[in-house]
Amino acid sequence: MILITGANGQLGTATINFLLQQKPTKNIVALVADDKKRTSLREKGVITRSGDYFDKRSLVEAMAGTDTLVLISSRPLNDRITQHGNAIRAAIEAGVKHIIYTSILKADSSLSIMSDDHIATEKLIQGSGINYTIFRNTIYVDLLSKFLGSALKTGQWSFPSRGQKVNMAVRGEIGEALAIVASNPHLFNNKVMDITSGKSYSLNEIAAIISRVTGKYIRYNDITLNQFKKELRDSGLSQEAVAWNIGLAASIRIGETDYIAHTMRERSTVLY
């Protein structure tokens with residue numbers, strides 16, 4: 001059986017939907033917190049179980065009888081290392097044979113606020129004695145709205161990039177890749193895989209694409225990191241959102257996000 005954490009989220013949902021095309025429903029277990037989501041999954045025949053990342057015993061019970069754990073990373077800035085550590089220790093105790101974990105691209109060098117948590121989690125998994133596959137995912141294209149700010153309203157998009165490019169992938173397609181690996185984990189034993197799309201874009205190019213799709217002209221303005229920090233702090237955004245945006249901008253400016261791996265073929269669906 002395969003247990004997917006974060007089954008309430010977009011990546012977890014996409015992974016489960018693709019697994020449903022490959023596996024009998026009795027082999028798919030979803031760790032679910034949202035009762036509405038639990039109902040919809042049960043209607044599809046998926047087994048649902050409850051578990052709290054801060055309660056290792058509940059995770060051990062949820063993982064009972066499962067062979068493969070798809071550990072979709074939890075939200076940052078909420079003691080994520082403790083949450084992931086509990087999940088990994090529960091997997092050991094429950095006898096899980098393979099862990100698939102969603103990390104971030106260039107986790108060991110990224111300027112993102114999330115990189116430390118991901119590297120710590122990767123090391124815990126690699127030291128667990130359980131076979132593993134680590135997905136180092138590029139930026140999800142559906143997060144684009146988070147750093148567009150008010151551009152769709154004002155027509156002005158201010159973001160520091162120094163002309164560097166960004167690689168993004170569709171979260172649903174990464175979910176399909178996760179489903180492929182979860183269905184055949186032995187083919188990906190102890191691999192760390194960079195997951196990207198096949199092309200990177202400058203923010204000018206992204207602004208042009210958005211303009212074409214929406215029919216509203218978006219002008220991109222390349223500002224300094226200090227200007228951006230001031231705008232964010234004056235915007236009233238949460239601490240988490242400010243830190244996320246600053247980390248992303250710092251990564252883009254040094255070219256860290258302009259990276260194309262060849263782990264997935266066209267449409268980010270077929271692994272080789």
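For the range 120-160, how many residues meet the condition of being among the β-branched types (Val, Ile, Thr), crowded, with 16+ Cβ neighbours inside 10 Å and more than 23 Å from Gln10 (Cβ to Cβ)?
So the answer is 1.
Test of understanding: among Arg89, Arg75, Arg42, which residue is modelled with pLDDT of 90 or more, out of contact with any Phe, Trp or Tyr (no Cβ under 9 Å at 6 or more places or on another chain) and not β-branched (Val, Ile, Thr)? Let's see the steps before the verdict.
Working: Arg75 fails: modelled with pLDDT of 90 or more; Arg42 fails: modelled with pLDDT of 90 or more.
After ruling out the rest, the residue left standing is Arg89.
Which of (1) aromatic (Phe, Trp, Tyr); (2) closer than 17 Å to Thr257 by Cβ; (3) within 22 Å of the chain's Cα centre (by Cα) is the odd one out, the single condition Tyr220 does not satisfy?
(3)
Which is over 25 Å from Arg89 (Cβ atoms), assigned to a helix (DSSP H, G or I) and among the basic types (Lys, Arg), of Lys23, Lys37? Explain how you work it out, then say what you get.
Details: Lys23 fails: assigned to a helix (DSSP H, G or I).
It is Lys37.
Out of Gly175, Gly247, report the one residue that is at negative phi, in a helix (DSSP H, G or I) and buried (at least 19 other Cβ atoms within 10 Å of the Cβ). Break it down stepwise before answering.
Working: Gly247 fails: buried (at least 19 other Cβ atoms within 10 Å of the Cβ).
Criteria check complete, one pass: Gly175.
Having 2 or more residues that are in contact with an Asp or Glu (Cβ under 7 Å, 6 or more places away or on another chain) and not acidic (Asp, Glu) is the bar; report the helices (runs of 4 or more DSSP H) wholly within the range 41-157 that clear it. Write out each step before concluding.
Numbers: elements: 56-63, 80-94, 115-126, 144-148, 151-154.
Fully inside the range 41-157 and qualifying: 56-63, 80-94.
Specify the residue that is surrounded by the fewest Cβ atoms within 10 Å (Cβ to Cβ); the eligible residues are those in the range 209-244 that are without any contact (Cβ under 8 Å) to a residue 40 or more places away in the chain and within 23 Å of Asn137 (Cα to Cα).
The qualifying residue surrounded by the fewest Cβ atoms within 10 Å (Cβ to Cβ) is Ile209.
Would a scan of the range 179-192 turn up a residue that is in contact (Cβ under 8 Å) with a residue 24 or more places away in the chain and in a loop (DSSP other than H, G, I, E, B)?
yes
Is it true that Gly12 is of a type outside the set (A, V, I, L, M, F, W, C), assigned to a loop (DSSP other than H, G, I, E, B) and in contact with a strand residue (DSSP E or B) (Cβ under 9 Å, 6 or more places away or on another chain)?
Working: of a type outside the set (A, V, I, L, M, F, W, C): yes; assigned to a loop (DSSP other than H, G, I, E, B): no; in contact with a strand residue (DSSP E or B) (Cβ under 9 Å, 6 or more places away or on another chain): yes.
It is false that Gly12 is of a type outside the set (A, V, I, L, M, F, W, C), assigned to a loop (DSSP other than H, G, I, E, B) and in contact with a strand residue (DSSP E or B) (Cβ under 9 Å, 6 or more places away or on another chain).
The values are calculated or read from the model by the stated rules, or taken from the named source; none is laboratory data. Keep in mind it's a predicted model, so treat the numbers as computed, not measured. Backbone-built Cβ (ideal geometry, glycine too); neighbour counts: all protein chains shown.
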